[in-house]
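For reference, the structure is listed below as structure tokens.
The values are calculated or read from the model by the stated rules, or taken from the named source; none is laboratory data. Bear in mind the structure is a predicted one, so any value in this text is a computation, not a measurement. Positions of Cβ are generated from backbone atoms using ideal geometry, with glycine treated the same way; all protein chains shown enter the neighbour counts.
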Amino acid sequence: MLAFDVILCEHPACFRVHMGFCRMLDPIDSRLLAALQQDGQLTAHQLGDRLGLSPSQAGRRRQRLEADGYITGYRATLSPEKVGLAVQAFIRIVMATHTEQNARDFVRVMRAQPEVTGAWTLTGEADYLLGVYCADLAALNRLVQQVLLPHPAVSRVQSQIVMERVKPDSPLPV
């Protein structure tokens, strides 16, 4: 096992625990990240125009932010309705048992379900919160009745169906 000194950075803009290396985001980095959250397809030339940089400077900054892990990927945002997913729901899961093996098994089963598009562990009454998209109520019912409830570690499942999405996923406030 390797030993090293872990330093909690004292810079207010840096919330990372690291090994003595801190690369704070400067205002241009923050503007670049904000622009890419709005449109991940911006070219280096377009980024440079928005940031007042040359395309090569904008491209190097983007590459550095990718390499440093600030940017973790790019993807298209789809319309759930257009692809046949008419029902969005949140499902709260309360576990009956909290063994490490049961938790691993539950997470493995949950990750294998394409309808589950997000999952979080929680504090409070529920242990997990799942975000799901299904074609219809029958598909949601199958997920709950045939996959989640039969799991031996699950004690209770509570579904909440989204009536209207009043605010889409927003960019992070950088």
Query raised in the report: Residues in region 126-140 that are within 14 Å of GLN160 (Cβ to Cβ) and of a type outside the set (Ser, Thr, Tyr): how many?
Result: 8
Query raised in the report: Looking at region 72-173, what strands (runs of 3 or more DSSP E) fall wholly within it and have at least 1 residues that are modelled with pLDDT of 95 or more and of a type in the set (Ser, Thr, Tyr)?
Result: 116-121, 128-134, 154-161
Report summary line: Considering residues that are out of contact with any helix residue (DSSP H, G or I) (no Cβ under 8 Å at 6 or more places or on another chain) and loosely packed, with under 13 Cβ neighbours inside 10 Å, the number found within region 54-67 is 2
